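Below is one structure; the comments refer to it alone.
The values are calculated or read from the model by the stated rules, or taken from the named source; none is laboratory data. Here the structure is a predicted model, which is why all the values come from computation and not from measurement. Cβ placement follows ideal geometry from the backbone for every residue including glycine, while neighbour counts extend to all protein chains displayed. Ligands, DNA and RNA are stripped out before the accessible areas are found, and what is left, the full protein with its side chains, is counted by its heavy atoms. Shrake-Rupley method; radii C 1.70, N 1.55, O 1.52, S 1.80 Å.
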Amino acid sequence: MSKNKKALIRIIVSLCVVIVTVVLKYTISESISWFKWLELGLSLAAYFTVGYDVLWKAITNIVRGKIFDEHFLMTIATIGAFAIGEYVDATAVMLLYQIGELFQRYAVGKSRKSIAELMDIRPEEATVIRDDLEIKVHPSEIEIGETILIKAGEKIPLDGEIIKGECSLDTSAMTGESLPRKASIGQTVVSGCLNLDGTIFIKTTSTYDDSTVAKVLDLVENATSKKSPAENFITKFSRYYTPIVVALAVILAVVPPMFEGISVGTVWLKWMRRAMMFLFVSCPCALVISIPLGFFGGIACASKNGILVKGSNYLELLAKSKIIAFDKTGTLTKGNFAVTQVVPENKREEILSLAALAEQYSNHPIAISICRERKADMSAQVQEIAGHGVKAVVNGSVILCGNDKLMNDYDIEFSPISDGTVVYVAQDGRFVGSIQISDQIKEDSHEAIAELKKAGVTTVMLTGDNNITAQEIAVKLNVDKYYSELLPQDKVTKLNELKQNEKVAFVGDGINDAPVLATADVGIAMGAMGSDVAIEAADIVLMQDNPASVPLAKRIAKSTLKIVTENIVLSIAIKFAVLILSAIGLLDKIAFGMIIAILADVGVCVIAILNSMRTMFIKKRK
């Protein structure tokens, strides 16, 4: 039987006994002289049934020197209530406290379940091919360069490259992406993904300890070690708050009776009751439990969506970031060039064919994009002209393919285009036409920038590309500011300028942006599945190569901080209000004043816990 089920049974049994006691108290108590002893016996039975673990924790903590915690406060408050004859109230306090604890365990369990689903991605067994035999071993026993076999339904144990076969991969555990992706020979795959169909052979490129799944799990397991400023505040607050309220409760019970001139017994009971109420209210459970739970829920929600946060401090910093700066290539754009326009269009086939002949031997990204559009159908003698383009001779015909400088060098009249990257094509001294090449914008970049701007975030693009290309992308995406022709060190300088007045997050692909990721208040590596550099350098790792994950991460962080702030304000406001009411005796004049004091602690705690659980249900906008 689970711990929660056992606790629930204890609560139900205790609640039934309390109900019976209350019914008897208001029906037959006056007709039975010894009912007070019956009430005491029933209350003690209910009290120890539901609260024995709290009493035991209080005693063991006192032995260890950790006196001032919620268990200590609950124990002395309830024992005090028994001492002044408030038997049912004492039991009700412990009962409500355990109900709050049950809610807490349920909430933490929901958060941990999200993390546990992620932890289940590491396989315990792998099939390695040695001497043409299939051998089952633990993944830690496999070396780099060995061949492993993954059948349908098995998880990939190590990072590697597919050398035989093809399959569909479920990457949801790593990226949060629900749609499977195809994988075939030559493609890199990472550990933790599930082979849905087919059989593949992989040549390993990492050891077990250095695999992507190991790094991700280590990151998640240690995420709670870096506390946010809010959590640190509550830790320090509780350290001083608890001893102070205990001292005030003692003063409240002892000092006022010395100045009242009525029956000592009556005075003692009145002020002891107020002191007990004061202690009931003072328990900092709502703060101590709900705030870490709120951040934990936020981290769990992020993990479920393929967003790995290295600590709640980074979640809080992201929530407070007013500026989010993006790298361009590989982050907002796909990083692979493509032909976007041919001028004049009616000569498209001729222009592309001539350009393909000239560029067929080049490995430049622009040349590759042209050859991807049109394959060369014959060989050519090619001469590369550095910084200008290429000159090719095919069957005695001279083809020129390059920039405006190449055209000017050969005195060719052409129609210049100032928009983006342009390749001009000429044949036998005659201008044929031009090809516009551009880096393709990712499908979700427009949505990501628009959602961030709607949330009041200033968006900035930092790129090493020329100003014309940078301006074109910035205008298409409606980015607030852009800075072009930046070297890596220039990006760091520009980021420091942005940081002077606001918190700044930087989003990069994690490969060549490590210095900028480290400089930002929050470094976010995007599309980092399999990237060691990204996981090491960034504070937040987005496993998907998808800009839409950035506003989602921002919303999770902002919602988490909002919920945590609500819990702090709600808990402190209600507690201080009821503390004052109990100290000045107003609760004495209210029916069920002791119950109100109890609810000011446990009730607020339950509300705060339920509020914290909202962090686990933040979803991507459709």
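Of note:
- Some residue of the stretch 315-322 being open to solvent by less than 10 Å² (accessible area, probe 1.4 Å), at pLDDT 90 or above and of a type in the set (A, V, I, L, M): yes
- Top-ranked residue of the stretch 361-400 - restricted to ones that are under 19 Å from residue 421 (Cα atoms), part of a loop (DSSP other than H, G, I, E, B) and among the polar types (S, T, N, Q), ranked as most open to solvent (accessible area, probe 1.4 Å): 363
- Residue within the stretch 332-353 that is over 22 Å from residue 433 (Cβ atoms), crowded, with 21+ Cβ neighbours inside 10 Å and in contact with a Lys or Arg (Cβ under 8 Å, 6 or more places away or on another chain) present: yes
- Test: residue in the stretch 451-462 that is part of a helix (DSSP H, G or I), among the aliphatic types (A, V, I, L, M) and either modelled with pLDDT of 85 or more or in contact with a helix residue (DSSP H, G or I) (Cβ under 9 Å, 6 or more places away or on another chain) (or both): yes
- Single residue of the stretch 287-314 satisfying the filter (farther than 16 Å from residue 563 by Cβ and touching a Lys or Arg at 6+ places or on another chain (Cβ under 8 Å)) that is modelled with the highest pLDDT: 314
- Some residue of the stretch 596-612 being open to solvent by 40 Å² or more (accessible area, probe 1.4 Å), at pLDDT below 75 and of a type outside the set (Gly, Ala, Ser): yes
- When residues of the stretch 476-492 are limited to those that are in a loop (DSSP other than H, G, I, E, B) and open to solvent by less than 100 Å² (accessible area, probe 1.4 Å), the one modelled with the lowest pLDDT: 487
- Taking every residue in the stretch 431-449 that is closer than 17 Å to residue 327 by Cβ and in a loop (DSSP other than H, G, I, E, B) and pairing it with any residue that is open to solvent by 30 Å² or more (accessible area, probe 1.4 Å) and not acidic (Asp, Glu), at least 6 positions away or on another chain, the pairs with Cβ-Cβ distances below 9 Å are 442/334.
- First in the stretch 558-584 and farther than 30 Å from residue 455 by Cα, second anywhere and open to solvent by less than 60 Å² (accessible area, probe 1.4 Å) and basic (Lys, Arg), Cβ under 6 Å, 6 or more apart: 582/274
- Residue list for the stretch 401-413, filter: open to solvent by 20 Å² or more (accessible area, probe 1.4 Å) and assigned to a helix (DSSP H, G or I): 404, 405, 408, 409
- Filtering the stretch 423-438 for residues that are of a type in the set (S, T, N, Q), open to solvent by less than 50 Å² (accessible area, probe 1.4 Å) and in contact with a Leu (Cβ under 9 Å, 6 or more places away or on another chain) leaves a non-empty set.
- Long-range neighbours under 6 Å by Cβ, at least six apart or interchain, first residue free of Cβ contacts under 8 Å to residues at least 60 places away in the same chain and over 19 Å from residue 523 (Cα atoms) within the stretch 471-496, second among the small types (Gly, Ala, Ser) and open to solvent by less than 30 Å² (accessible area, probe 1.4 Å): 472/420; 484/470
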